[in-house]
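A.B. asks: Structure provided below as structure tokens; questions to follow.
The values are calculated or read from the model by the stated rules, or taken from the named source; none is laboratory data. It should be emphasised that the depicted structure is a prediction, and the values quoted were computed from it without experimental measurement. Positions of Cβ are backbone-derived with ideal geometry, glycine not excepted, and every protein chain shown enters the neighbour counts.
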Amino acid sequence: MFALSTPSRVQILGRLREGPRSVGELVEDLGMEQSAVSHQLRVLRDQNLVRVERLGRQRVYALHDEYVAALLEAALSQVNRPGGQRKGLFGRISVRRGAAG
């Protein structure tokens, strides 16, 4: 899936799996530039993986639905399965596991 082809997008989805986050929170969590986070969120929104809600001047992002959380979990379980951890894209990514958002 195109949306999961970039480590930063997977990291963003992982953070959103823990719960809704503003762009500022994602910038702080991931140590990325605001413009880069906004660009990746636009891609994820265009792919219907995240939704956005305006709260005053802030934009708060969340996973689109539980299906997206399940898709992310399935993708991570495939690349991180015991005895055959793959190197490459997902091998470098740390996604905290928590309650689905």
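A.B. asks: Assuming E73 fulfils every condition listed in (1) acidic (D, E); (2) modelled with pLDDT of 90 or more; (3) under 21 Å from P7 (Cβ atoms) apart from one, which condition is it?
C.D. replies: Only one criterion is unmet by E73, namely (2).
A.B. asks: Same structure again: Of all residues being over 17 Å from P7 (Cα atoms) and in contact (Cβ under 8 Å) with a residue 12 or more places away in the chain in the stretch 24-52, which is farthest from the chain's Cα centre (by Cα)? Just the residue, please.
C.D. replies: Out of the qualifying residues, it is G24.
A.B. asks: Now for a different question. Identify, by number, the condition in (1) modelled with pLDDT under 95; (2) more than 18 Å from L76 (Cα to Cα); (3) out of contact with any strand residue (DSSP E or B) (no Cβ under 7 Å at 6 or more places or on another chain) that Q58 doesn't meet.
C.D. replies: (3)
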